[in-house]
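Data block below; observations after.
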Amino acid sequence: MAVLSVNPTRMELTNLKRKLVTALRGHKLLKDKRDELMRQFLELVRENNALRIEVENAINEANKHMAIARSVMQNEVIDVALMMPKQELQLEIEQRNVMSVMIPSFNTKLRTSDENDIYSYGYAFTSCDLDDAIKSLSDVFPKILRLAEVEKSCQLMAIEIEKTRRRVNALEHVMIPGYQETIKYITMKLDENERSTTTRLMKVKDMMLAEAHGYER
Amino acid sequence: MNFHLRQSEKGFESFMYRIAVMGDKDSIYGFAALGLEIYPTEDPDTAVDTLKKLAHNDYAVIYITEALAAKIPDEIEKYRDRITPAIILIPGIFGNTGMGINNVKRAVEKAVGSDILN
């Protein structure tokens, strides 16, 4: 591991030691964050997967009914039937903070109080397949909405997990070893300086003694 | 993150968002009855424009058919890291292309490093 390019001074050493402590603490915290995020993510993504399969099947089912409705009714009639929807749906979002990731949670509000009030047409000129199509969509709608919530959360968490993992790895494999190496290098350099100072002093002392008393030791 | 709570007369409180559905007309017509707003289009350019418009207005969830989404993947990618809108793929009448479930798998791969589902 490369030693950072710093002056081997005592001040640098103190700074580096402080940085190392921070880096170690950050590493531990981020690792905990990553683990917890991962645990929650896996739970969520399993739900996401199951929901998606269910929702896709239900929509396919609804589409089949729709196709039949289309084949027995004229296009214009269907268009007119669905032209003015009775329901209007509004969404309230709350944010939930999971390990510093903001994930949404949805609350729906319908315009009419009766949630079964979905047929925007009289039944006289429409096929019952259209009713079936709309009914099956409406039945699965809470799940479709939950899917949106879960899938978005999964996406957001996946991004955050990736970021956190990169940070953990950078700290673990680059920053912390770098600091440790540099601290070791500076310590050794300082020790070496100290030793060379000692020997120099001893040598000077010898020379001075030799000069004053005229003898070699 | 571009998500924020709008300010109303009573101070900060949650704001009502709407839900849109995009795709070819036949696939999404049924959703209109549920109270969702539908934006029928099959043309990629129109779809990009509509998507931009919806994303910058108060649409929190945009359902889009897989067939249409396949035509504008880059545009959809842009909103992936934002809290709103959530762009969710749904199968159209031409059947299920598996694109939606692949997206889930991609998220797992991104987070975990490999696909551990199934």
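The values are calculated or read from the model by the stated rules, or taken from the named source; none is laboratory data. All figures in this text were calculated on a predicted structure; none of them were measured in a lab. With ideal geometry, Cβ positions are generated from the backbone for all residues, glycine too; neighbour counts draw on all protein chains shown.
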request  = Out of the residues in segment A:144-156 that are more than 7 Å from every other protein chain (Cβ to nearest Cβ) and within 19 Å of residue A:41 (Cα to Cα), state the one that is surrounded by the fewest Cβ atoms within 10 Å (Cβ to Cβ).
outcome  = A:146
key: Wholly enclosed strands (runs of 3 or more DSSP E) of segment B:10-69 bearing at least 1 residues out of contact with any helix residue (DSSP H, G or I) (no Cβ under 7 Å at 6 or more places or on another chain) and buried (at least 24 other Cβ atoms within 10 Å of the Cβ)   = B:16-23, B:59-65
ask   = Residues in segment A:83-94: is at least one of a type in the set (A, V, I, L, M, F, W, C), assigned to a helix (DSSP H, G or I) and at pLDDT below 85?
value = no
Complete set of residues in segment B:31-75 that are of a type in the set (Ser, Thr, Tyr) and touching a strand residue (DSSP E or B) at 6+ places or on another chain (Cβ under 8 Å) = B:39, B:41, B:50, B:59, B:63, B:65
query = Quick one: residue B:77 ticks every box in (1) more than 9 Å from chain A (Cβ to nearest Cβ); (2) more than 13 Å from the chain's Cα centre (by Cα); (3) loosely packed, with under 14 Cβ neighbours inside 10 Å bar one, so which box is it?
reply = (2)
task = Could you check, for segment A:172-193, whether at least one of its residues is hydrophobic (A, V, I, L, M, F, W, C), under 28 Å from residue A:49 (Cα atoms) and under 26 Å from the mean Cα position of the chain (by Cα)?
result = no
key: Among the candidates B:88, B:83, residue that is in contact with a Pro (Cβ under 6 Å, 6 or more places away or on another chain), facing chain A (nearest Cβ under 9 Å) and not in a helix (DSSP H, G or I)   = B:83
ask   = Restricting attention to segment B:91-118, and to residues there that are facing chain A (nearest Cβ under 8 Å), of a type in the set (A, V, I, L, M) and closer than 22 Å to residue B:20 by Cα, which single residue is surrounded by the most Cβ atoms within 10 Å (Cβ to Cβ)?
value = B:104
request  = Among the residues of segment A:95-142, count how many are surrounded by fewer than 16 Cβ atoms within 10 Å (Cβ to Cβ), more than 9 Å from chain B (Cβ to nearest Cβ), modelled with pLDDT of 75 or more and farther than 30 Å from residue A:31 by Cα.
outcome  = 3
query = Any idea which residue in segment B:3-23 is modelled with the highest pLDDT, counting only those that are at negative phi and more than 11 Å from every other protein chain (Cβ to nearest Cβ)?
reply = B:22
query = Quick check: is even one residue across segment B:88-100 farther than 19 Å from residue A:54 by Cα and in contact with a Phe, Trp or Tyr (Cβ under 9 Å, 6 or more places away or on another chain)?
reply = no
Residues (of a type outside the set (Phe, Trp, Tyr) and closer than 16 Å to residue A:154 by Cβ) located in segment B:63-89 = B:76, B:77, B:80, B:81, B:82, B:83, B:84, B:85, B:86, B:87, B:88, B:89
query = Are there any pairs, at least 6 apart or on different chains, whose C-beta atoms fall under 8 Å, with the first in segment A:140-156 and over 12 Å from residue B:81 (Cα atoms) and the second part of a helix (DSSP H, G or I) and of a type in the set (Asp, Glu), and if so, which?
reply = A:140/A:54; A:143/A:54; A:150/A:47
